[in-house]
Structures are given as structure tokens and as C-alpha cells.
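For reference, the structure is listed below as C-alpha cells.
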Amino acid sequence: MEYNDSKPIYLQLAERLMNDVEQDSSLCGQRIPSVRDFAAQCGVNANTVMRTYTWLQQKQIITNKRGVGYYYSEEASEIVLKERRETFLTKEIDYFIERLEALNITFEEFEKYYKKHTSKQRETK
């Protein structure tokens with residue numbers, strides 16, 4: 001895995017696990033790799049993974065069943081979706097709108113591309 005220098009590695013690892021559960025809600029309640037296994041898989045120190053898991057536990061995305069391992073919580077996909085929607089609506093949308101304005105893209109023009117994109121998405125499903 002390649003890491004972005006502008007974001008802490010533990011958060012990039014958390015994003016990876018959050019992406020997995022966002023894309024496949026059947027992972028809720030399922031076991032995730034042990035700290036050592038995930039560290040080896042990602043090529044990072046086990047302490048970094050431990051920090052990732054602690055952060056995800058604080059967000060209630062994963063739980064630790066003592067002596068058994070770490071699991072996605074039953075509500076993991078809902079929590080991830082809620083958190084990502086909040087981030088988009090409070091942080092990312094401003095940049096998106098600024099780019100639309102800077103490029104002189106009207107709402108109607110954007111809407112046309114949005115509809116085209118979503119229709120393609122429906123066709124592939």
C-alpha cells in the first residue's frame with residue numbers, strides 16, 4: 001500500500017477498513033485481521049495498526065472481543081456512512097462548489113453530467 005504524506009498513516013489505514021465496510025455491509029459483525037496480521041499486510045509497525053484500531057473503536061466502527069480479536073460492529077456501515085456524509089457536507093462540498101464556480105459550470109450543466117453518471121451506474125448494477 002502506498003501512503004500519502006499529507007495524512008497520518010493510521011488514518012489512511014482506518015480509511016481502508018472503512019472503505020471495506022462501506023462497500024460491503026455484510027462485513028458488519030465480521031472479524032477483521034489481528035493487529036500483527038494487518039501490520040504485516042500493510043507493511044507498517046504494529047503500533048500504527050494499534051492506533052488505527054483504537055481510533056476505530058472510539059468511533060464505534062470496530063469492537064474488541066477480549067481474547068478473540070477485533071470485529072466490525074453491527075452498526076459499522078451506518079456509522080461510516082453517517083460520518084462520511086457529515087464530512088462531505090461540512091468540509092468537502094465547499095471546495096466542490098468553489099471548483100464549479102471557478103470553472104463556470106452551471107447547475108444545469110452539472111445536473112446533466114450527474115444524470116449521465118448515475119444512469120451509467122444503474123446500468124452496471
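Against the conditions (1) open to solvent by 100 Å² or more (accessible area, probe 1.4 Å); (2) touching a Ser or Thr at 6+ places or on another chain (Cβ under 7 Å), where does Thr63 fall short? Just the number, please.
The number of the failed condition is (1).
Taking the residues in the stretch 67-84 that are open to solvent by 80 Å² or more (accessible area, probe 1.4 Å) and at pLDDT 95 or above as candidates, determine which candidate is farthest from the chain's Cα centre (by Cα).
Glu74
If you take the residues of the stretch 91-104 that are open to solvent by 100 Å² or more (accessible area, probe 1.4 Å) and within 30 Å of Gln60 (Cα to Cα), which of them is modelled with the highest pLDDT?
Across the stretch 91-104, the extreme among qualifying residues is Tyr95.
Evaluate the following for Leu27: is it over 22 Å from Tyr3 (Cα atoms), more than 13 Å from the chain's Cα centre (by Cα), loosely packed, with under 11 Cβ neighbours inside 10 Å and not acidic (Asp, Glu)?
No: the conditions fail for Leu27.
Need pairs with beta-carbon distance below 8 Å; first residue within 16 Å of Phe96 (Cβ to Cβ) and surrounded by fewer than 10 Cβ atoms within 10 Å (Cβ to Cβ) and within the stretch 107-125, second of a type in the set (Asp, Glu) and modelled with pLDDT under 75; sequence gap 6+ or separate chains.
none
Select, from Phe107, Phe88, the only residue that is more than 25 Å from Val21 (Cα to Cα) and at pLDDT 90 or above.
Phe107
What number of residues within the stretch 52-66 are modelled with pLDDT under 95 and farther than 17 Å from Asp37 by Cβ?
Residues flagged as modelled with pLDDT under 95 and farther than 17 Å from Asp37 by Cβ within the stretch 52-66 amount to 1.
The values are calculated or read from the model by the stated rules, or taken from the named source; none is laboratory data. No experiment lies behind these values; they were computed from the predicted model shown. No Cβ is skipped: glycine too gets one built from the backbone with ideal geometry, and neighbour counts run over all protein chains shown. The accessibility values were calculated without ligands, DNA or RNA, using every heavy atom of the protein model including side chains. Shrake-Rupley method; radii C 1.70, N 1.55, O 1.52, S 1.80 Å.
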